[in-house]
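Below is the structure I would like to discuss, written out as structure tokens.
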Amino acid sequence: MIESISLTDFTAFKTLDLKCSEGINIFVGANSTGKSLMLKLMYALCSANKPVQAKLDEHPARILSDKLNAVFKPEGKIGRLCRNEAKKSVVQTDLIGDRAVRFSLSKDLDEVVIMDDQDYLRYDWIPVFITPKEMLASFPGFSSLYLHREITIDETYFDLCQALELPKLKDKPGKLVEHLLESIKKACQGEFLLIRQRFYYKPERGIMLEAELSAEGFRKFGILQRLLQNGRIKPGISGPLFWDEPEANLNPGLMKTVVSILLELARGGQQIFLATHDYVLLKWFDLLMQPDDRIIFHALYQNDEGYVEHESTDGYLKIHHNAIDDAYAEFVDREIAHSMGDLGK
């Protein structure tokens, strides 16, 4: 679980000090403000030392450098992640259990430099990252392709495939997970099965289909289903869930179900980080959240100098810099003007 993260001269951020909710953290903002970047950075920091026992003898600088390179895919030195004018950037994160790490990146060095290490390698909460592009259809052979060929796809896709490949847990799921699996089955009108290294969609009625022949929106539910079945998402036990653009290729009619599932996961102890452009998704959070739900909306925006800044609030309507609301307000104004025609002129 991530408690906070601070950045200095990292990519588009001159400075950033972010306090994270134990529940749901939602990043909003225009394109190129760093929403996906923040999810990837935090995921890399949580996953670099996994599996923990295999990494204890390695130096934190090496494992952090390897993971950052794999997730961001910079050409050349890792220092390309520094802000353009800066020669060095600094990243610090505080994790649950009094674990923390602070390091710098330089345009002149191939590795990060550890500035402070509070038993970081022993942080053992395993995260999961759900990518914008679903991976059930691309699952067959993808892990082998990633391991043995030079491809530019970042490592979050490979990590997701590795998580999906884990077999189901032997133990019966708890009441919360069982309830969520039923909600998913109802939403996608069936379930997804992994058979001989390929995913299939088994509808409630009709014949079983290859995952590639099923609806892409249903496949996103299938990813959630699999991760709940094999314990990679286990509220209160697993590490943070990062989900980039959960709304992608999803029918707006199913958005309420996604939000309800995420809220129930958070109430069960799951920390969640989302990045979204979708008004419907955000409004369902606004409408369904309860007073004791721990949700923080992090709005990212560019200031007049071109640097990315942020504001964080516990209510969607409290966001001042909201590119999504601005776009919808313009749409509504145009619609009203179009409907009225020459009236009022």
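The values are calculated or read from the model by the stated rules, or taken from the named source; none is laboratory data. Since we're looking at a predicted model, the values are computed, not measured. FYI the Cβ positions are ideal-geometry reconstructions off the backbone, even for glycines, and counts take in every protein chain you see.
Which fully enclosed strands (runs of 3 or more DSSP E) of region 235-312 have 3 or more residues being touching a Leu at 6+ places or on another chain (Cβ under 8 Å) and within 20 Å of Phe221 (Cβ to Cβ)?
241-244, 272-275
Further question: Please specify each residue of region 300-315 satisfying the condition of being of a type outside the set (Ser, Thr, Tyr) and over 13 Å from Asn25 (Cβ atoms).
Selection gives Gln302, Asn303, Asp304, Glu305, Gly306, Val308, Glu309, Glu311, Gly315.
Going through region 235-248 one residue at a time, which ones are over 9 Å from Leu281 (Cβ atoms) and either surrounded by 18 or more Cβ atoms within 10 Å (Cβ to Cβ) or more than 16 Å from the chain's Cα centre (by Cα) (or both)?
Pro235, Gly236, Ile237, Ser238, Gly239, Pro240, Leu241, Phe242, Trp243, Asp244, Glu245
Would you be able to say whether some residue in region 10-20 is assigned to a helix (DSSP H, G or I) and touching a Ser or Thr at 6+ places or on another chain (Cβ under 7 Å)?
no
Of all residues being farther than 15 Å from Ser4 by Cα and in a helix (DSSP H, G or I) in region 94-142, which is nearest to the chain's Cα centre (by Cα)? Just the residue, please.
Only one residue tops the list, namely Phe142.
Looking only at region 135-150, decide whether some residue is surrounded by fewer than 22 Cβ atoms within 10 Å (Cβ to Cβ) and under 18 Å from Leu45 (Cβ atoms).
no
Just give me the residues in region 199-249 being out of contact with any strand residue (DSSP E or B) (no Cβ under 9 Å at 6 or more places or on another chain) and closer than 14 Å to Leu160 by Cα, in sequence order.
If the condition is that a residue be out of contact with any strand residue (DSSP E or B) (no Cβ under 9 Å at 6 or more places or on another chain) and closer than 14 Å to Leu160 by Cα, then Leu228, Asn230, Gly231 are the ones that fit.
Could you run through region 66-114 and say how many residues are in contact with a Lys or Arg (Cβ under 6 Å, 6 or more places away or on another chain), more than 19 Å from Glu155 (Cα to Cα) and modelled with pLDDT of 95 or more?
So the count comes out to 2.
In region 21-73, what residues are touching a residue at least 12 places away in the same chain (Cβ under 8 Å), of a type in the set (Gly, Ala, Ser), out of contact with any Gly (no Cβ under 9 Å at 6 or more places or on another chain) and assigned to a helix (DSSP H, G or I)?
Matches in region 21-73: Ser36, Ala44, Ala61, Ser65, Ala70.
Let me ask something else. In region 188-218, what residues are surrounded by fewer than 23 Cβ atoms within 10 Å (Cβ to Cβ) and assigned to a helix (DSSP H, G or I)?
Glu212, Leu213, Glu216, Gly217
Here is a further query. Based on this model, can you work out whether Ser47 counts as of a type in the set (Gly, Ala, Ser), modelled with pLDDT of 95 or more, farther than 21 Å from Arg294 by Cβ and under 15 Å from the mean Cα position of the chain (by Cα)?
no
Tally time: how many residues in region 147-183 are within 23 Å of Ile261 (Cα to Cα), in a helix (DSSP H, G or I) and without any contact (Cβ under 8 Å) to a residue 12 or more places away in the chain?
The number of residues fulfilling the criteria is 3.
Let me ask you something else. Could you tell me which numbered condition Arg226 fails, if it satisfies all but one of (1) basic (Lys, Arg); (2) surrounded by fewer than 22 Cβ atoms within 10 Å (Cβ to Cβ); (3) within 24 Å of Leu262 (Cα to Cα)?
(2)
Related question: When you check Asn84 against the structure, is it surrounded by fewer than 20 Cβ atoms within 10 Å (Cβ to Cβ) and outside any strand (DSSP E or B), yes or no?
So Asn84 fits the description; yes.
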